[in-house]
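The values are calculated or read from the model by the stated rules, or taken from the named source; none is laboratory data. None of the values given here were measured: they were computed from a predicted structure. Please note: Cβ atoms are built from the backbone with ideal geometry, for glycine as well, and neighbour counts cover all protein chains shown. Accessible surface is based on the protein model in full, side chains and every heavy atom, while ligands, DNA and RNA are left aside. Shrake-Rupley method; radii C 1.70, N 1.55, O 1.52, S 1.80 Å.
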Amino acid sequence: FFVDGFPYLIANAITVAGILIIMFATSVKLTLAIIVGAVIIMILYPAFNKLFRKLHHKVWVQNSLLTSKVSDNINGHRIIKAFSKEEQEFELFNKTSERLMKAEIKSSNAEATVFPLLSVIVYALSAVVLGYGGVLCVKYNELTIGQLLSFVVYLQMLQAPIEFLSWV
């Protein structure tokens with residue numbers, strides 16, 4: 001953490017703070033709209049994180065059980081053959097394998113649902129910024145088109161540092 005995480009944590013935190021200062025200097029209204037959207041995402045994130053932790057734990061447990069079953073069967077293959085338990089062990093392996101498969105499918109389905117949903121929220125936020133920024137440019141003359149475009153670029157520049165910070 002101190003070698004690979006901490007220096008980047010500080011650098012990304014400074015980057016986020018600097019970009020937000022520039023965004024506030026460009027347009028307070030647009031920046032506040034971004035912050036409202038970010039708060040919505042931050043509210044949803046812990047709920048999704050809790051769900052994924054639970055699903056990944058189930059996958060881990062089932063994978064552990066399957067690995068244990070395979071190890072036991074390999075180490076005890078002579079005993080299994082001596083008592084003609086191949087069919088019974090095959091059925092137990094199939095049941096364990098099926099539970100792992102169901103846990104993996106459930107986890108994959110959740111990921112395939114949640115991550116696109118979060119992407120839609122981010123893209124909707126970008127559309128709101130462009131739409132509201134366009135109104136501020138055209139109707140109220142509060143921004144120039146160049147300022148709006150630079151604001152959008154700064155918004156995109158926030159993505160990587162925020163992803164890193166959430167990873168940490």
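Return the only residue of SER84, SER71 being over 28 Å from the mean Cα position of the chain (by Cα) and not in a helix (DSSP H, G or I).
SER84
What number of residues within the range 129-148 are within 27 Å of the chain's Cα centre (by Cα) and open to solvent by 80 Å² or more (accessible area, probe 1.4 Å)?
1
Can you go through LEU165, LEU117, LEU158 and tell me which one is in contact (Cβ under 8 Å) with a residue 12 or more places away in the chain, under 30 Å from LEU55 (Cβ atoms) and open to solvent by 50 Å² or more (accessible area, probe 1.4 Å)?
Among LEU165, LEU117, LEU158, only LEU165 is in contact (Cβ under 8 Å) with a residue 12 or more places away in the chain, under 30 Å from LEU55 (Cβ atoms) and open to solvent by 50 Å² or more (accessible area, probe 1.4 Å).
Would you check which residues across the range 128-144 are within 20 Å of ILE19 (Cβ to Cβ), hydrophobic (A, V, I, L, M, F, W, C) and without any contact (Cβ under 8 Å) to a residue 60 or more places away in the chain and list them?
Correct list: LEU130 only.
Quick one: how many residues across the range 113-168 are out of contact with any Cys (no Cβ under 6 Å at 6 or more places or on another chain), under 15 Å from LYS29 (Cβ atoms) and of a type in the set (A, V, I, L, M, F, W, C)?
11
For LEU125, indicate whether it is in contact (Cβ under 8 Å) with a residue 40 or more places away in the chain, touching a Ser or Thr at 6+ places or on another chain (Cβ under 9 Å) and open to solvent by less than 90 Å² (accessible area, probe 1.4 Å).
No; evaluated as a whole, the condition is false for this residue.
Restricting the search to the range 1-28, which residues are open to solvent by less than 60 Å² (accessible area, probe 1.4 Å), modelled with pLDDT under 90 and hydrophobic (A, V, I, L, M, F, W, C)?
Within the range 1-28, LEU9 is the sole residue that qualifies.
So for the range 58-68 (the condition being free of Cβ contacts under 8 Å to residues at least 24 places away in the same chain and either open to solvent by 90 Å² or more (accessible area, probe 1.4 Å) or of a type in the set (Asp, Glu) (or both)), does at least one residue qualify?
yes
What are the residues in the range 120-165 that are of a type in the set (Phe, Trp, Tyr) and in contact with a helix residue (DSSP H, G or I) (Cβ under 7 Å, 6 or more places away or on another chain), if any?
Those that are of a type in the set (Phe, Trp, Tyr) and in contact with a helix residue (DSSP H, G or I) (Cβ under 7 Å, 6 or more places away or on another chain): TYR132, PHE151, TYR154, PHE164.
Restricting to the range 73-101, name every residue that is in contact (Cβ under 8 Å) with a residue 40 or more places away in the chain and open to solvent by 80 Å² or more (accessible area, probe 1.4 Å).
Within the range 73-101, none qualify.
Yes or no: PHE93 part of a helix (DSSP H, G or I) and under 30 Å from VAL28 (Cα atoms)?
Against the criterion (part of a helix (DSSP H, G or I) and under 30 Å from VAL28 (Cα atoms)), PHE93 does not qualify.
Would it be correct to say that THR31 is within 15 Å of ILE162 (Cβ to Cβ), among the hydroxyl-bearing types (Ser, Thr, Tyr) and either in a helix (DSSP H, G or I) or open to solvent by 80 Å² or more (accessible area, probe 1.4 Å) (or both)?
For THR31, the condition - within 15 Å of ILE162 (Cβ to Cβ), among the hydroxyl-bearing types (Ser, Thr, Tyr) and either in a helix (DSSP H, G or I) or open to solvent by 80 Å² or more (accessible area, probe 1.4 Å) (or both) - is met.
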